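What follows draws every value from the coordinates through simple rules; no lab data is involved. What you see is a predicted model; the values in this text were computed from it and never measured. Cβ sites come from the backbone with ideal geometry, for glycine too, and all protein chains shown count toward neighbours.
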Amino acid sequence: MIRRFPRRFRILLLGALACAAWPAPAPKTRNVVLVMTDGLRWQEVFRGADAALMNKAAGGVSDPEALKKLYWRDSEAARRELLMPFLWHTIAAKGQIYGNRYQQSDAYVTNGHNFSYPGYSETLCGFADPRVDSNDKIPNPNVTVLEWLNRKPAFRGKVAAFGAWDVISAIVNGERGGFVANAGYDPLLAPPVNKEIALLNRVKADTRIWDGEPFDSFPFHTAMEYVKLHRPRVLYLSLGETDEWAHAGNYELYLRAAQRVDRFLQELWQALQAMPEYRGTTSLIFLCDHGRGEAPVEWKSHGEKIPDSKYIWMAFLGPDTAARGERSHVAVVTQNQVAATLAALLGEDYAGAVPQAGKPIADVLPR
């Protein structure tokens, strides 16, 4: 029968048969770690320290020359690698990173608010909900991809969320979802509470600088201890100092916070690769909840009145993500695609189950 068709139709038919015979490969990923750092600008991620902010007037820097020795180099590539070496030497080198607007790679939020709760909810639910329009600590009315996965037998009891900002516990709604969600100054009480977790709980309670949010080291090290004890398959970690120091107008501490997040990522990744349960089967997703305004005036702020604060960045690393590095001249990626991408890396069809969610980012999935 095929021989009766013209050659061009035979080629199309054979191609269709080949596609039917060769389904998309099953992912190698068994575990996913999603890390977010609040309000870290794409400008620093891709260009390193900003010269317009390394001064007293714009960045609150008391010793500009000392700060330049730490973070300034003549080339953008050198500056960004100095600021976030793990991101550029490992994640970007072996995975993919999006959001450099100078390279025609846009990434942005779709919620229109450009602040935290809507950004976290969009990331975790896969869509912007007009009801989510404040940072109030109100339980999320929507089911996140974390809760959705935890309902499945393969992931039940293997999902956990940790955050610096206390509102994270309301956003992920772990109480309703039936998984561990520890944020703010709340102690982690999931048994066993070993001596390391007990000490973290105690010191966190005694170290209060901001209302509702401890330093990033507390949620990070608490999450690390939890991983060692429980081996979750899906781990969510939200850090907040990058946003706090930016709002305070302290550019030096903002840069230090960004560099510390990078170091935390390296420590977490190396710990995972040392464990048989995670080695070679874990994917990492790294992004922020919103952007910020341009230097030197609007960098401290974000929101609807600062349109540029919708722009973000996102990075992917893992056994199913091709090493394409810094993406350029590519289609826009949006925050609402993260939830479905996370699920797809685990072989789960979140976009099919939640039609309003953004579709997975195909380029970071197995082919």
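List of remarks:
- Straight-line reach from LYS195: taking Cα to Cα under 27 Å and skipping same-chain neighbours fewer than 8 places apart, the lysines in range are LYS158, LYS204, LYS228.
- The GluC sites (Glu not before Pro) of the range 207-247 include none that DSSP puts in a loop with a beta carbon having at most 13 other beta carbons within 10 Å.
- In the range 151-222, chymotrypsin sites (Phe, Trp or Tyr not before Pro) in a DSSP loop with at most 11 other beta-carbon atoms within 10 Å: none
- Separation in nanometres of the label points that stand 7 Å from Cα toward Cβ, at ALA57 and ALA77: 3.3
- Over the range 28-364, relative contact order from alpha-carbon pairs under 8 Å, at least 6 apart, %: 32
- Taking each residue as 0.36 nm, the span from LEU199 to LYS228 lengthens on full extension beyond its C-alpha to C-alpha distance by 8.8 nm.
- Antiparallel bridges, percent of DSSP beta bridges restricted to the chain (to nearest 5): 25
- Extension gain for ILE209 to ALA353 (0.36 nm times residue separation, less C-alpha to C-alpha distance): 47.7 nm.
- The dipole here belongs to the range 67-134: it is taken about the Cα centre, uses +1 on the Cβ of Lys and Arg and -1 on the Cβ of Asp and Glu, and is about 400 debye.
- Estimated [θ] at 222 nm from DSSP helical runs (n ≥ 4, -39500 (n - 2.57)) normalised by residues in the chain, nearest 500: -10500 deg cm²/dmol
- Residue of ASP133, ASP243, ASP320 that the Gaussian network model of the chain assigns the largest fluctuation, springs spanning Cα pairs under 10 Å: ASP133
- Whether the range 306-367 is rounded, prolate or oblate, judged on the alpha carbon gyration tensor where a/c under 1.5 counts as rounded: oblate
- Peptides ranked, highest mean first, by Cβ atoms within 10 Å: ranges 25-32, 70-77: 25-32, 70-77
- Ranked by the mean number of other Cβ atoms within 10 Å of their residues, highest first, the peptides 55-66, 328-339, 116-127, 90-101 fall in the order 116-127, 90-101, 328-339, 55-66.
- Amide N of the range 342-367 lying under 16 Å from the label point, which is placed 7 angstrom from the Cα of GLN103 along Cα→Cβ: 363-364
- Efficiency of FRET from Cβ geometry, ASP129 and LYS69, R₀ 45 Å, rounded to 0.05: 0.45
- Which listed pairs, of LYS68/LYS305; LYS152/LYS310; LYS68/LYS94; LYS28/LYS310; LYS28/LYS94, have C-alpha distances above 23 Å, in listed order: LYS68/LYS305; LYS152/LYS310; LYS68/LYS94; LYS28/LYS310
- Loop-located trypsin sites (Lys or Arg not before Pro) across the range 122-180 with a Cβ neighbour count of 16 or fewer within 10 Å are ARG131, LYS137, ARG151, ARG156, with loop assigned by DSSP.
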